[in-house]
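The values are calculated or read from the model by the stated rules, or taken from the named source; none is laboratory data. Values in this document were obtained by computation on a predicted structure and should not be read as measured data. When we count neighbours, we look across all protein chains shown, and the Cβ atoms used for this are built from the backbone with ideal geometry, even at glycine. All accessible areas refer to the heavy atoms of the entire protein, side chains included, with ligands and DNA or RNA removed. Shrake-Rupley method; radii C 1.70, N 1.55, O 1.52, S 1.80 Å.
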Amino acid sequence: MKINNKSLKDLGFYQVLENIKKNALSEAGAKRLETREFSTKKETLLVIQNSVDALKTLFENPRVNNPLHFPDLRSVFTSLATTYQSIDGTDLINAASYIDSAKLLCSFLHAPIFYNRSSSLVSNMIGEDIDEELLAFQKEVYYALDDSGKIKESHPAIKRLVEKVEQSKTSRNIFSRSFINNNKASLQSDVETIRDDRIVVAVKADSKANVKGFVHSSSSSGNTIFMEPFQLVELNNSVILAEQQILIEMAKIYSKLSKNLRVVQDKLRELSSSVIKADVLYSLASWISKNNCTKTDLDKDEVNLLLAIHPLLGKKAVPITFGVNNSIKAVVLSGPNAGGKTVTIKTVGLLSLINQFCGFIPCEEGSSLPIFDKIFTDIGDEQSIEDELSTFSAHMNTLSKILNSTSNKSLVILDELGSGTDPQEGGAIACSIVDYLKDRAKLSLITSHQASLKLKAYGEPQLLNASMEFNESSHMPTFRVVTGLPGDSHAIETADRMNLPKEVIIKAKEYLGSDSLQMSEIIKSLEKKRDEARLKLEELEKMEAKLRVEQQKSELFQLKLKQQEFLLKKNQSTDLSRYVQQSRKELEKLVSDLVTGNITKEKTKKVKNFINALGQEEEKLLNTMDNEEETISTNNKESFVIKAGLDVLCGINKREGTVLKQDGKNRWIVQVGSMKISFKEKDLFQSEFKKKVENYKVAVSYHSAAPKPKSQIDVRGCTLEESISIVSSQIEACIVYGFANFSIIHGLGDGILQRGLHEYLKTQKVVQDYRFALPDDGGMGKTYVIL
């Protein structure tokens with residue numbers, strides 16, 4: 001999507017873009033952001049959202065080190081393209097530093113915690129390892145050059161030649177000191193002089209014949225002749241030749257490094273291209289993280305902004321909540337001057353641009369925006385003296401271009417529509433433009449003080465009135481958007497607040513007329529009733545919350561009463577059972593005694609019936625208590641249907657398990673790990689994952705005997721069975737405490753532990769992935785586990 005520069009400037013997108021560019025790691029990445037286009041396809045935005053969101057998680061993880069900035073390679077690539085001569089040392093060291101920064105970026109993008117479905121979109125932009133030839137070139141440059149790009153004096157080839165230069169200079173200095181001491185009478189000074197990098201002596205003009213050598217120059221007065229004695233010529237030559245050898249050796253080193261850079265230049269360009277792509281997403285993710293942005297809901301094709309913040313207003317920004325459904329084609333926003341009308345429509349427009357730039361906006365989660373194909377704006381005063389355009393003419397010129405270019409997927413933002421001319425004619429033109437746009441644009445956001453436009457918005461279902469709230473008590477705007485009601489301009493109140501003379505205010509009200517005052521009073525009355533209704537609603541919500549708390553307390557009290565009743569009955573049942581057992585023994589003894597005497601069948605039958613009756617009474621009472629216990633348990637937990645294959649939480653510790661089959665009345669066989677256990681129905685609870693699917697906001701409380709997991713466990717020295725037991729306990733603890741990953745140190749050895757643990761991890765459904773550690777973090781002697 002190509003947006004015209006006027007709209008980008010009106011909405012402040014260029015300033016946002018500059019803020020995003022400040023987060024770039026490279027100049028090339030910042031430049032690429034300038035040419036990045038806005039997306040008009042949901043699928044493309046979804047990919048961008050997932051990639052940026054994955055990077056955002058790394059910024060929020062304190063264990064991950066952010067990558068370094070990249071040097072600018074434009075000069076490097078220019079040198080490679082335009083000349084075959086040696087490349088400057090600064091460019092060589094920049095190329096090596098670029099490779100070094102790329103290594104850190106690779107580590108950043110391939111961090112173990114970053115491995116998930118969405119992260120692969122980013123990590124695939126740049127390989128996990130830098131090309132070996134590039135690394136070899138970098139090593140060679142760092143070996144030869146210092147940070148400024150100069151060849152290190154410690155370089156073996158240079159060090160040897162430097163020592164030779166120092167030796168030659170020492171010999172030369174010894175001779176020159178000796179010559180000066182032996183010829184003081186002929187010399188003007190006892191200090192040697194440098195001319196053209198050669199040592200010469202200052203000879204008196206009248207003693208020139210006493211010194212045999214070459215004349216270099218003389219002083220301005222002619223009293224001093226600078227001469228190089230013949231014996232000193234060879235010594236000067238040896239120093240100069242030794243220094244030239246250093247320059248020759250340096251040239252060879254630069255030439256070799258330049259040649260090697262040309263060999264890997266294609267790979268460097270390829271690496272640079274990958275870095276730029278990753279840098280663009282890095283910049284976006286960094287800006288998004290700093291501005292507390294959230295993903296927009298791309299499945300909803302409507303404006304629904306929840307506590308939206310204008311990203312350029314900083315702490316002065318007032319959060320805006322603004323929603324428009326798809327049936328509305330135009331919103332007429334009215335209200336007091338300086339009440340926030342223009343800021344509101346500019347916020348919607350700017351966030352629409354940002355959304356189609358990266359899929360994130362500074363709003364609360366759940367916000368959504370349509371995907372527009374074009375965004376047009378007419379904001380501000382476009383008066384032009386050069387083009388002989390008045391304010392109104394300039395607006396009409398802009399509107400002409402907008403109306404002739406808009407489509408049914410466009411967003412049109414018009415500020416103060418119909419202003420700058422006769423109010424009646426301006427209102428007529430404004431209504432006509434709204435009629436035109438409602439049939440051709442996706443959505444139009446219009447601010448206006450035109451009464452005719454407010455009335456029109458009341459009478460048509462495709463139009464919506466909205467206003468900026470005004471506090472009648474303080475005579476100040478609150479900057480809140482209220483949909484469904486037009487707003488009064490409050491011009492007279494504003495003038496009064498600005499301390500205009502009272503007689504001016506009174507006269508203004510007289511000039512305004514009774515009809516206008518009546519309409520203004522109606523609007524104010526509606527606003528007052530709206531405020532009263534809102535206050536009553538808030539009071540009702542508070543009362544409802546209070547009643548809900550009281551109801552919970554009452555239900556809890558009733559539950560406690562039932563529990564106490566149950567405990568009382570249970571104690572009674574225990575006493576009854578004891579009584580039955582005692583009675584049974586006594587009766588059995590009685591029967592035994594009767595056997596020894598005369599006994600009839602009728603007497604025996606009566607005794608047995610008595611015993612059976614007591615047993616039946618006991619069973620009846622126990623069944624009653626079981627039903628009571630089941631009722632209390634059911635009231636104390638969320639109800640759900642239990643069936644085979646359902647994931648549940650079992651027992652007091654709420655361990656995860658899967659229901660296999662029913663095991664009699666109110667009992668179920670559950671697979672918990674490798675064990676099959678029979679549980680009462682009251683001891684089974686709905687699985688956390690299932691509850692999240694059915695109800696977005698839940699609170700789960702559970703207890704576990706599992707110890708707190710460690711980020712790294714060491715099983716070296718343990719047998720395979722012991723190691724598997726330790727890892728199993730670690731996995732269980734990670735699940736209980738919500739750890740997403742950990743690492744296992746198993747060492748290299750003969751590979752038994754490593755192979756056995758990998759086989760075990762392969763069988764665990766909760767293990768999403770496992771792999772060897774990075775070379776500098778243990779390599780094949782350590783394994784990363786991602787749950």
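Among the residues making up segment 347-376, none is part of a helix (DSSP H, G or I) and surrounded by fewer than 21 Cβ atoms within 10 Å (Cβ to Cβ).
Which residues, counting only those in segment 277-321, are open to solvent by less than 20 Å² (accessible area, probe 1.4 Å), among the hydrophobic types (A, V, I, L, M, F, W, C) and under 26 Å from Ala28 (Cα atoms)? Residues satisfying the conditions are Ala278, Val280, Leu281, Leu284, Ala285, Trp287, Ile288, Cys293. Output the residue which, of all residues in segment 322-346 that are outside any strand (DSSP E or B) and of a type in the set (Gly, Ala, Ser), is most open to solvent (accessible area, probe 1.4 Å). Among them, the one singled out is Ala338.
Note on segment 461-473: among residues that are at pLDDT 75 or above and open to solvent by less than 40 Å² (accessible area, probe 1.4 Å), the one that is farthest from Pro336 (Cα to Cα) is Leu463.
Checking each residue in segment 18-27 for being surrounded by fewer than 20 Cβ atoms within 10 Å (Cβ to Cβ) and not in a loop (DSSP other than H, G, I, E, B) picks out Glu18, Asn19, Lys21, Glu27.
Taking the criterion of being aliphatic (A, V, I, L, M), assigned to a loop (DSSP other than H, G, I, E, B) and at pLDDT 75 or above, the only residue of segment 493-517 that qualifies is Leu500. Within segment 740-750, being surrounded by 12 or more Cβ atoms within 10 Å (Cβ to Cβ) and assigned to a loop (DSSP other than H, G, I, E, B) holds for Ala740, His746, Gly747, Leu748. For segment 1-17, the candidate set comprises residues that are at pLDDT below 90 and outside any helix (DSSP H, G or I); within that set, the residue that is least open to solvent (accessible area, probe 1.4 Å) is Ile3.
Restricting the search to segment 54-76, which residues are at pLDDT below 85 and either part of a loop (DSSP other than H, G, I, E, B) or touching a strand residue (DSSP E or B) at 6+ places or on another chain (Cβ under 9 Å) (or both)? Residues satisfying the conditions are Lys56, Glu60, Asn61, Pro62, Arg63, Val64, Asn65, Asn66, Pro67, Leu68. Summed over segment 529-543, the residues that are open to solvent by 100 Å² or more (accessible area, probe 1.4 Å) and modelled with pLDDT under 80 give a count of 1. Scanning segment 262-275 for residues that are β-branched (Val, Ile, Thr) and surrounded by 22 or more Cβ atoms within 10 Å (Cβ to Cβ) gives a single hit, Val275.
Kindly provide the set of residues from segment 77-95 that are closer than 14 Å to Lys256 by Cα, small (Gly, Ala, Ser) and part of a helix (DSSP H, G or I), ordered by number. Once the filter is applied, which keeps residues that are closer than 14 Å to Lys256 by Cα, small (Gly, Ala, Ser) and part of a helix (DSSP H, G or I), segment 77-95 yields only Gly89.
Can you find even one residue in segment 776-786 that is in contact (Cβ under 8 Å) with a residue 60 or more places away in the chain, aliphatic (A, V, I, L, M) and assigned to a strand (DSSP E or B)? There is at least one residue in segment 776-786 that is in contact (Cβ under 8 Å) with a residue 60 or more places away in the chain, aliphatic (A, V, I, L, M) and assigned to a strand (DSSP E or B).
Quick check on segment 438-455. Is at least one of its residues touching a strand residue (DSSP E or B) at 6+ places or on another chain (Cβ under 7 Å), in a helix (DSSP H, G or I) and β-branched (Val, Ile, Thr)? No: zero hits. For segment 36-58, how many residues meet the condition of being open to solvent by 70 Å² or more (accessible area, probe 1.4 Å) and either among the hydrophobic types (A, V, I, L, M, F, W, C) or within 17 Å of Ile354 (Cβ to Cβ) (or both)? Of the residues in that region, 5 qualify. Taking residues in segment 291-306 that are farther than 10 Å from Glu364 by Cα, and partners anywhere that are in a strand (DSSP E or B) and of a type in the set (D, E, K, R), not one pair has Cβ atoms closer than 9 Å while being at least 6 places apart or on different chains.
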